[in-house]
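**Student:** Okay, handing you the structure first.
Readers should treat all values here as calculations from the given coordinates under stated rules, not as data from a laboratory. Given the structure is predicted, the values throughout are model-derived calculations rather than measurements. Every residue, glycine as well, gets a Cβ built from its backbone with ideal geometry; the counts of neighbours run over all protein chains shown.
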Amino acid sequence: MFRSGSALSAGVALSVIIACGGPPPRTANPTRPLDERRAIELIIEAFRDEHDRPVPGTDVSVGANKKLHVDVSAQDRKYGVAYVSGPERWSLAGALPPRDPNMGDALPIVPGQGDDSDARVLILYDSDYVYDDHVGEAHEQSTLATELRLKRDVHDFLVHAHTEKFP
């Protein structure tokens, strides 16, 4: 039989454990990638900021019978940027470089092949540029922060292209 003191102690201990439990874990806010049209607008802005003349891109050969659509290229140059969505990743399977977690934030630059061997293309995966629609304290990833990260990545690529004197 329990003594009244030990039953009371057990009840107090259980109350303390329950009270210290905190709120239940919350799930991450649903996110979605930047719209491709908006991403292309930001890429064009970054080109202009770096004094490159942006022009609509072309298709570049990146593998056996695989063509990558470059969204924005530099006028009279052989480098550009492709904003790649899920369906494009699927159709280019094997032609794009695999993700290497050891590389951190390194930007994937793909060389062209065949007649396009002198081309260099920055690959921006749409899944890397996501945001949520929440506001206030529940907001985890703002549209503005995502857009600024995309522009920063394009700026970094363009500075690299100028430094390395890409054709």
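**Student:** Give me the three principal axis extents of the range 49-167 from the C-alpha atoms, as integers in angstrom, largest value leading.
**Tutor:** Cα extents, longest axis first: 52, 33, 29 Å.
**Student:** Quote to one decimal, in nm, the extra length available between Gln113 and Ser127 on full extension: 0.36 nm per residue of separation minus the C-alpha distance between them. Walk me through the numbers before you get to the answer.
**Tutor:** Details: separation 14, 0.36 × 14 = 5.04 nm, distance 2.54 nm.
Value of the extension gain: 2.5 nm.
**Student:** Sticking with the crude label model, points 7 Å out along Cα→Cβ, report the distance from Ala64 to Ala106 in nm, one decimal please.
**Tutor:** Each label point lies 7 Å from its Cα, and together they span 2.6 nm.
**Student:** Still on this structure: More than 12 angstrom separation, counting every C-alpha pair in the range 27-78; what % is that? Don't skip to the end; give the middle numbers.
**Tutor:** Numbers: 935 of 1326 pairs.
Percent of Cα pairs beyond 12 Å in the range 27-78: 71.
**Student:** Expected output is a single nm value to one decimal: the length gained when fully extending between Asp76 and Glu41, i.e. 0.36 nm times separation in residues minus the C-alpha distance. What is it?
**Tutor:** Gain in length upon complete extension: 10.6 nm.
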